[in-house]
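Worksheet: one structure, shown below.
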Amino acid sequence: MQVFHNLKELKTFKRAVVTIGSFDGVHLGHQKILAKVKQLAKDCGGESVVITFYPHPRHFLNPRSRSLQLINTIEEKKKLFEQFNIDNLVIVPFNEAFANQSADDYIMKFLYDQFKPSFIVIGYDHRFGYKRKGDIEYLKWHSQTLGFEIVEIARQDVDDIGISSTKIRKAIKAGDIIQANKLLGYNFQLSGQVVSGNKIGRSIGYPTANIEVRDKRKIIPNKGVYAVKVTVKGHLYEGMLYVGSRPTIDKKRKQELRIEVNIFDFDADIYSEPIDVEFIAQTRGDIKFEHIDELKEQLGKDKEACLKILKEEQDQLSLLEEQIKDPLPKAAVVILNYNTAHHLAQFLPTVIEHTPKEVEIVVVDNGSTDDSVALMKQDFPAIRLIINPENYGFAGGYNQAIQRIDTEILVLLNSDIEVKAGWIEPVLSLMKEEESVAVAQPKILSQKDPKSFEYAGAAGGFLDQFGYPFCRGRGYCDLQEDWGQYAQQVDVFSARGDAFFIRKKIFDHLQGFDESYFAHMEEIDLCWRIKRAGYRIVAVPSAQVYHLGGGTLAYGSSRKTFLNVRNSLYTLLKNERGFRLFKHFLVRLFLDGLGGIFFMLKLEFKHTSAIIRAHWEVFPRIKQRLKLRKVDDNLIERIRIDHSQDAIGRYKGSIILTFFLSNRKKFRDLRNKPYQ
C-alpha cells in the first residue's frame, strides 16, 4: 500500500475508485465500503484509493473540545488499511485552507484535479466544502460533466449494517470489549511506549510494564482488568492489563490513570520500547483493597481468568485456521435476468448477504428491455454484470455468459430466489469432497409459503419412463408441506435449473445447455448426458433456498406447455437408447394426446394447441435429432468415469397414469422409488 501525506506528492492514479471519510475504527461497516471499492477497482482494472484526514475534522474545528475520543490513532489506521489490501491511502492535512474551500473547489480542485476518479463511493449523508454546503446531489450533478460515477451508500445500507464508531466508543468506555471487537471485526488495539514505574508489581510477584499513550485523544477502556495480547520487539505474548488509578497502592497520592500490563512468562528490560496491546475481554472492574496481600491474592485469580479467556480465543482462532486450510472450492453464483429488475431489487441483496465473500456473484442480463441494467449499475455496482445483447433464452443466455467466467463450480440461480445463511456451503462442501458428483441442488421451498415445497424444484428431480419430470415434494402437480420427510441426501435424476450447481469443466466439455431448447427441460437434458458419462446428480436438503416461481413464464402459460412438451420429446430422442426409445416415444405421443383431450374438456384450448404445435415441430426434426446424438455420444465418451448412472432417479412407471389412476399422489407413496 502506498501512503501519501502531501497532495503535492500524489501520483497519477489509474482509473481511481475513491472513497472518503474519517474511518475511525475501520469497523465492519467501513470494511463493507472498502470491499465495494476494491471490487469496483478490480472490475474496471483500476486502483483503490482511500482518502482520510488528519487531524480529525472535529478536532481541528473545535480544538478545545475533548468530547471526541478516537478508536484509532493515525498510525493504527495505516496498519488496518494495509491489512484490508487497499492500494493507496491519502492522508489529507485538514487545515484552515482545506476547511474553507468551497463545495465547487472541493469537487473540481481536490477530487477531480488530484484523483481523476472513475468512481466515487460515498455515503448518502456526505457533506463537504465550506460550512458543509456540498452534498451528494451536488456531487452527482458535477459527475455528469466530469465523467465519473457516484456509487451511493444508501441510508438503508447504512442502517442495515447497524454499526457505528459511536456504538464502538460507548462499548469501549463501558469495558464491553467483546461487543466492541464484534463491531470492529478485529481486536481493539492500543499502542504506546513503556515508561518506568515504581516497581511495586515486581515486589508482589506480578511485574508490570507501564504504558504511556502519546496521543491524548486515543480512547482508553473503562477501569478494570483485561485479558490481552501484547506485541513487543516483534514477538507476541499473552498477559493481563490494568487500567485504573491504583486505589490500593496510591491511597494518599493524587490518583492518576495508569495503564500497566503484566506479560506472562516474560522477564526482559523493555523500557522505552514501543508496545502494542490487543484487548480480548474484561475480567473485572477496578477494586480498592484494604491490604496489599488481598491485591496479590486477587491478581492470582485475575491471571487464571485471563488465561482461560485467552485459551478460548486461541481455540476459536485454531478452528478458523482449520477452516481456512480446507476452504470451499472456487465458485461463482450466476444469476440470469430477463426483464425482472423488481426481482433483482428484492432478492439479490439476500444473495449478497448470505454468500461467502470468496464466492463471486455475477448477474447476466439477457437483453432486458426494462431498467434491469440501470438498476444493477446504480444499486449493485460492486456486482459483476455481463450484458448479453439479446434474449438468448435460459440455455443460450447461460452458455454465452459462462464462457467468460473462470471458476470451478457454477451456481446457476434464478433471479426470483431468496436465500438465507448456509444456503450454499453444504453443496459446495459435498462437491469438493466427492469428485463423482457433477451436479447438485439444494432443497427448494416456496418463497410465498416457506413451509411448502416449490413447484419447479422441490427436493430433487426425477424422470418417468416416458420423459415426464416430477420431484420429491411434488407428485405430478400437487405440492406438499415440508415437515422433514425428504431431509436425506439422495442421488436424483436431475437438479432443477432454479438453483443448479455444476462443475464448470463438465459444463464446458459437454458444450453446455442445448440452445435449441431456449427454455425449460434443458437442465434435465444436460443432467441425462452427465449421468450417461457415469457422474452423479445429488439433492442436498441441508441447504435450502426459497423460490418465488413464475417470474418469466407463469406456470399456467400455454407457451410453457409448448416448450415443456417439445423439449421433453427432444430429450428422449437425444438420450434414450435402442428399442426403449421406440417404445417410450410412441407411448409418450399417446399420453400427450390424452393430455390434449384433458385440456379440451377443461376448455383450455390454448394448451391443447400448444401440445399439437410442439408435436408438429418435433416430427420434421426427428432424423436431425438422431444424427446429433452422435456428437453428444463422442463428447460423453471423452469424460466418462463410470458406467451410465441414468437408471438412478428414473421411475419405471408412468407418473401421469399413477397420478390419475391411483391414490398414490405423493412421492413417498410411489412403489419402487426411483433412487432405490
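Observations
- Linear extension gain, Glu256 paired with His643, 0.36 nm per residue minus alpha-carbon span: 131.3 nm
- Beta bridges per DSSP with both ends in the chain, % antiparallel, nearest 5: 50 percent
- Tail fraction, Cα-Cα pairs, the chain, threshold 42 Å, whole percent: 44 percent
- Amide H contacts for Ala16 (H built 1.01 Å from N in the peptide plane; partners 5 or more residues away or on another chain; cut-off under 5 Å): Glu47, Ser118.
- For Ser558, Ser102, the sequence from fewest to most other C-beta atoms within 10 Å is Ser102, Ser558.
- Separation of region 238-313 and region 369-388, taken as the distance between their Cα centroids, equals 55 angstrom.
- Value of relative contact order over the chain, rounded to a whole percent, pairs C-alpha under 8 Å and six or more apart: 9 percent
- Here the Debye sum runs over all C-alpha atoms of region 418-545 as equal scatterers in vacuum, and log10 of I(q)/I(0) at q = 0.13 Å⁻¹ comes out as -0.49.
- Only the Cβ atoms of Lys and Arg (+1) and of Asp and Glu (-1) were treated as charged; on that basis the dipole of the chain about its Cα centre amounts to roughly 980 debye.
- If you look at the Cα atoms of region 331-669, you get an Rg and a Dmax of 19.1, 57 Å.
- Long-range HN-HN contacts of Arg496 with modeled amide H, under 5 Å: Gly461
- Between region 3-39 and region 103-153, the alpha-carbon centres lie 14 Å apart.
- Phi-derived couplings, Karplus 6.51 cos²θ - 1.76 cosθ + 1.60 at θ = phi - 60°, listed residue by residue for region 225-234: 10, 10, 7, 9, 10, 10, 10, 9, 6, x Hz, with x used for Gly and Pro.
- If you wrap the tightest convex hull around every Cα atom of region 2-161 and split its volume per residue, you get 116 Å³.
- HN-Hα J in Hz across region 440-452 - Karplus 6.51, -1.76, 1.60, θ = phi - 60°, x for Gly and Pro: 8, 8, x, 5, 10, 9, 6, 5, 6, 9, x, 7, 10
- Region 21-72: equivalent-ellipsoid semi-axes (sqrt of 5 x gyration tensor eigenvalues, Cα, Å): 29, 12, 6
- Phi angles of region 341-350 translate, via the Karplus equation with coefficients 6.51, -1.76, 1.60 and θ = phi - 60°, into HN-Hα couplings of 4, 5, 6, 4, 4, 7, 9, 4, x, 5 Hz per residue; Gly and Pro are given as x.
- Space enclosed by the convex hull of the alpha-carbon atoms of region 27-119, per residue, Å³: 111 Å³
- Amide H within-cut-off set for Val437, under 5 Å, with H built and near neighbours excluded: Arg536
Taken together, the values in this text are just the output of simple stated rules run on the coordinates, not laboratory data. A quick note: this is a predicted structure, and the numbers were derived from the prediction, not measured. All Cβ positions, glycine included, derive from the backbone under ideal geometry; neighbour counts span all protein chains shown.
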